[in-house]
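**Student:** Take a look at this one; I'll ask things after.
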Amino acid sequence: MQLDKLKDIFSKTNNLKIAVIGDLMVDEYVWGDVQRICPEAPVQVVDVIKEEFVLGGAANVVNNLYSLGCRASVISVVGNDENASILKELLKKIGCDAKGLFIAKGRRTTLKTKIIAVNQQVLRIDKETRDSLSEEYEQKILDYIKKEINNYDAILVSDYGKGIITKRISQGVIEIANKNSIPVIVDPKGRDFLKYKNATVVKPNKKECEIAAGVSITDKNSFNKAGKKLVNGLNLDVLIVTAGAEGIVIFEKRKEPLYLPTEAKEIYDVTGAGDTVLATLGLGIASGLNYAESAKLSNIAAGIVVGKVGTSTISKDEIIHYVETHQPYNIFKIKSLDELKRIIKMHRTNGKTIVFTNGCFDLLHLGHIKLLQMSKRYGDILVVGINSDESVRRLKGDARPFIQEEERAHILSALDCVDYVTIFNEDTPVNLLRELKPDFLTKGGDYRLDEVVGKDFIESYGGKAIVIDAVKGISISKMVDDIRSKM
């Protein structure tokens with residue numbers, strides 16, 4: 001994925017409007033602690049610490065679109081109940097257009113209560129209606145889409161099998177969209193994929209693909225057979241199959257299948273990953289990316305979101321950060337202060353701990369490497385501030401630095417333990433510390449703790465300053481003397 005193209009796409013997402021039709025849900029998370037067994041039955045007792053409601057199902061697709069800067073319109077049917085009120089309030093908070101939300105008396109709005117303790121889900125309780133929509137509400141939805149179709153850049157169908165996406169709804173939406181040249185991207189459910197016939201894109205997982213095609217997938221050949229059977233039999237432009245650890249496979253008409261390896265590095269929770277894939281696929285296609293580019297974008301997004309716990313969304317900043325840090329030589333680790341502030345805020349939102357160290361780093365040596373490696377052990381993200389050339393001259397004299405600031409920044413950014421590098425022109429990093437507020441400030445062992453610049457400020461908000469033991473007998477002055485003596 002080209003970074004410039006990605007940034008250009010994201011700069012225009014606020015001009016997109018994408019309709020999401022499907023099964024809306026509320027996910028209730030109950031976080032607790034388990035330290036005892038119930039005396040009445042051999043079950044765990046969960047002491048509740050925190051409760052929260054988040055958008056789930058098709059509503060999580062909407063939430064992801066808003067996180068990516070798009071405008072979204074939700075189309076569905078919910079009950080006349082308390083859960084519907086919670087859902088509408090959550091949609092209102094993100095600014096979602098909910099004019100297409102219809103209320104059906106007697107229908108239950110889906111609520112999934114997830115009990116989480118000891119860092120894992122121990123129980124889920126579902127309250128929902130799975131009955132198919134009546135003809136009355138099918139007609140209301142189709143009439144609404146006919147009226148609004150010219151306002152949409154794409155339609156996403158999120159089918160969770162709860163009765164909203166009937167065959168009449170699915171085929172009606174696809175027919176209306178095709179007549180108006182609007183792409184329809186479907187996240188399917190169940191065995192009968194005929195109700196998605198003539199859609200632009202259908203996005204099953206590997207098991208769903210196997211069942212719908214009636215082909216046992218045991219190797220690459222059988223996978224290709226199943227994919228081609230569906231893309232041709234359903235008259236799709238493309239079938240995009242999510243295959244877990246195998247990544248994503250793209251079956252496009254008249255093209256060889258394209259296998260994209262997974263982007264996930266650590267998988268904590270796959271909850272909502274399919275919603276993220278659907279949202280980013282829709283955004284990519286609506287923005288003019290081709291199917292392969294859109295699939296690559298959704299693959300990156302899925303790789304990020306499975307590293308989070310619970311029903312989560314993805315942001316533009318997270319995707320851009322991922323692409324930047326996976327470029328050759330990590331040259332995009334070098335950031336301005338304004339860029340760093342934005343990025344650090346994103347990392348903090350995701351629960352990351354920030355470590356900061358600084359120096360001239362003129363002629364990088366073993367002592368520097370040890371300092372950086374040890375610093376990274378104190379947290380998740382290591383930011384290195386380096387003195388500008390002008391600053392080094394003021395501190396070290398006109399003969400320094402030996403290596404210019406840009407080259408020093410590039411050398412540091414090549415180290416795996418370094419996440420970001422920024423150049424500052426002041427003599428001390430105090431301004432950087434005030435702007436970034438890291439959790440830890442580290443310095444090499446040639447300093448005493450009370451000599452560390454910024455120590456008092458760091459400690460004022462609960463941070464910690466740390467002195468790391470220096471490697472004995474190494475200094476830049478000694479290195480220069482040794483080099484000159486051998487010339």
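The values are calculated or read from the model by the stated rules, or taken from the named source; none is laboratory data. Please read these numbers as outputs of a predicted model, since none were measured by experiment. Neighbour counts are summed over all protein chains in view; Cβ atoms, including those assigned to glycine, are modelled from backbone coordinates with ideal geometry.
**Student:** Looking at the range 407-418, which of its residues are of a type outside the set (S, T, N, Q) and either crowded, with 18+ Cβ neighbours inside 10 Å or without any contact (Cβ under 8 Å) to a residue 24 or more places away in the chain (or both)?
**Tutor:** Hits for the range 407-418 are GLU407, ARG408, ALA409, LEU412, LEU415, ASP416, VAL418.
**Student:** Right, next: In the set ASP153, ASP187, which member is modelled with pLDDT of 95 or more, over 26 Å from ALA104 (Cβ atoms) and surrounded by 18 or more Cβ atoms within 10 Å (Cβ to Cβ)? Before the answer, list the steps.
**Tutor:** Values: ASP187 fails: over 26 Å from ALA104 (Cβ atoms).
Of the residues listed, the single one that is modelled with pLDDT of 95 or more, over 26 Å from ALA104 (Cβ atoms) and surrounded by 18 or more Cβ atoms within 10 Å (Cβ to Cβ) is ASP153.
**Student:** Related question: Report the residue count in the range 107-123 for those that are assigned to a strand (DSSP E or B) and either of a type in the set (Lys, Arg) or closer than 20 Å to VAL61 by Cβ (or both).
**Tutor:** 4
**Student:** Could you please tell me which pairs satisfy a Cβ distance under 9 Å, a separation of 6+ or placement on different chains, a first residue in the range 66-87 that is among the basic types (Lys, Arg), and a second residue that is part of a helix (DSSP H, G or I)?
**Tutor:** ARG71/THR13; ARG71/ASN14; ARG71/ASN15; ARG71/LEU65
**Student:** Name the strands (runs of 3 or more DSSP E) wholly within the range 1-106 that hold at least 3 residues that are more than 19 Å from the chain's Cα centre (by Cα), closer than 23 Å to GLY163 by Cβ and among the hydrophobic types (A, V, I, L, M, F, W, C)?
**Tutor:** Numbers: elements: 17-22, 24-37, 44-57, 71-79, 97-104.
The strands (runs of 3 or more DSSP E) meeting that bar are 17-22, 24-37, 71-79, 97-104.
Conditions tested, residue by residue: (1) more than 20 Å from LYS167 (Cα to Cα); (2) in contact (Cβ under 8 Å) with a residue 40 or more places away in the chain; (3) assigned by TED's automatic domain parsing to the domain that holds ALA302; (4) not in a helix (DSSP H, G or I).
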{"residue": "ASN198", "(1), (2), (3), (4)": "no, no, yes, yes"}
{"residue": "LYS207", "(1), (2), (3), (4)": "yes, no, yes, no"}
{"residue": "GLU210", "(1), (2), (3), (4)": "yes, no, yes, no"}
{"residue": "LYS225", "(1), (2), (3), (4)": "yes, no, yes, no"}
{"residue": "LYS229", "(1), (2), (3), (4)": "yes, no, yes, no"}
{"residue": "ASN235", "(1), (2), (3), (4)": "no, no, yes, yes"}
{"residue": "LEU239", "(1), (2), (3), (4)": "no, no, yes, yes"}
{"residue": "ALA245", "(1), (2), (3), (4)": "yes, no, yes, no"}
{"residue": "ILE250", "(1), (2), (3), (4)": "yes, yes, yes, yes"}
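**Student:** In addition: For the range 393-423, which positions are part of a helix (DSSP H, G or I) and in contact with a helix residue (DSSP H, G or I) (Cβ under 7 Å, 6 or more places away or on another chain)?
**Tutor:** To start, the set of residues in the range 393-423 that are part of a helix (DSSP H, G or I) comprises 393-396, 405-413.
Once the filter is applied, which keeps residues that are part of a helix (DSSP H, G or I) and in contact with a helix residue (DSSP H, G or I) (Cβ under 7 Å, 6 or more places away or on another chain), the range 393-423 yields GLU405, HIS410, SER413.
**Student:** Being hydrophobic (A, V, I, L, M, F, W, C) and either within 32 Å of the chain's Cα centre (by Cα) or outside the structural domain of THR357 (by TED's automatic domain parsing) (or both) narrows it down to one residue among VAL421, VAL392; which is it? Give the derivation first.
**Tutor:** Working: VAL392 fails: either within 32 Å of the chain's Cα centre (by Cα) or outside the structural domain of THR357 (by TED's automatic domain parsing) (or both).
That would be VAL421, the only listed residue that is hydrophobic (A, V, I, L, M, F, W, C) and either within 32 Å of the chain's Cα centre (by Cα) or outside the structural domain of THR357 (by TED's automatic domain parsing) (or both).
**Student:** Do you know which of the residues in the range 355-389 that are β-branched (Val, Ile, Thr) and in contact with a strand residue (DSSP E or B) (Cβ under 6 Å, 6 or more places away or on another chain) is farthest from LEU432 (Cα to Cα)? Give the derivation first.
**Tutor:** Step one: list which residues in the range 355-389 are β-branched (Val, Ile, Thr), which gives 355, 357, 369, 381, 383-384, 386.
Pick out the ones that are also in contact with a strand residue (DSSP E or B) (Cβ under 6 Å, 6 or more places away or on another chain) and you get 355, 357, 381, 383-384, 386.
Details: VAL355: 12, THR357: 11, ILE381: 15, VAL383: 10, VAL384: 10, ILE386: 11 Å.
Top of the filtered list is ILE381.
**Student:** Of the residues that make up the range 304-314, is at least one among the charged types (D, E, K, R) and at pLDDT 85 or above? I'd like the intermediate steps shown before the answer.
**Tutor:** Kept after step one, since they are among the charged types (D, E, K, R), are these residues of the range 304-314: 308.
Filter once more, so that each one left must be at pLDDT 85 or above: none.
No, the conditions are met nowhere in the range 304-314.
**Student:** While we're looking at this one, here's another question. Filter the range 366-392 down to residues that are of a type outside the set (S, T, N, Q) and part of a strand (DSSP E or B) and give me whichever is surrounded by the fewest Cβ atoms within 10 Å (Cβ to Cβ). Give the derivation first.
**Tutor:** As a first pass, look at the range 366-392 and keep what is of a type outside the set (S, T, N, Q): 366-372, 374, 376-386, 389-390, 392.
Retained after the next criterion (residues that are part of a strand (DSSP E or B)): 381-386.
Details: ILE381: 19, LEU382: 24, VAL383: 25, VAL384: 27, GLY385: 23, ILE386: 25.
Ranking the qualifying residues of the range 366-392, first place goes to ILE381.
**Student:** Please count how many residues of the range 124-156 are in a strand (DSSP E or B), touching a residue at least 24 places away in the same chain (Cβ under 8 Å) and of a type outside the set (Lys, Arg). Talk me through it step by step, then tell me what you get.
**Tutor:** At the first step, the residues of the range 124-156 found to be in a strand (DSSP E or B) are 124-127, 154-156.
Now restrict to residues that are touching a residue at least 24 places away in the same chain (Cβ under 8 Å): 127, 154-156.
Add one more test, that the residue is of a type outside the set (Lys, Arg), and what stays is 154-156.
Residues flagged as in a strand (DSSP E or B), touching a residue at least 24 places away in the same chain (Cβ under 8 Å) and of a type outside the set (Lys, Arg) within the range 124-156 amount to 3.
**Student:** Filter the range 93-116 down to residues that are surrounded by 15 or more Cβ atoms within 10 Å (Cβ to Cβ) and of a type in the set (Lys, Arg), then give me how many there are. Spell out how you get there, then give the answer.
**Tutor:** Taking the range 93-116 as the starting set, the residues that turn out to be surrounded by 15 or more Cβ atoms within 10 Å (Cβ to Cβ) are 94, 96-98, 100-102, 104, 107-116.
Adding the requirement that they be of a type in the set (Lys, Arg) leaves 107-108, 112, 114.
Here the count works out to 4.
**Student:** Taking the options LYS203, LYS147, name whichever one is at pLDDT 95 or above, in contact with an Asp or Glu (Cβ under 9 Å, 6 or more places away or on another chain) and under 22 Å from LEU65 (Cβ atoms).
**Tutor:** Details: LYS147 fails: in contact with an Asp or Glu (Cβ under 9 Å, 6 or more places away or on another chain).
None of the other options fit; the residue is LYS203.
**Student:** Please give the number of the condition ILE240 fails out of (1) closer than 28 Å to LEU16 by Cβ; (2) surrounded by fewer than 16 Cβ atoms within 10 Å (Cβ to Cβ); (3) within 22 Å of the chain's Cα centre (by Cα).
**Tutor:** Exception for ILE240: condition (2).
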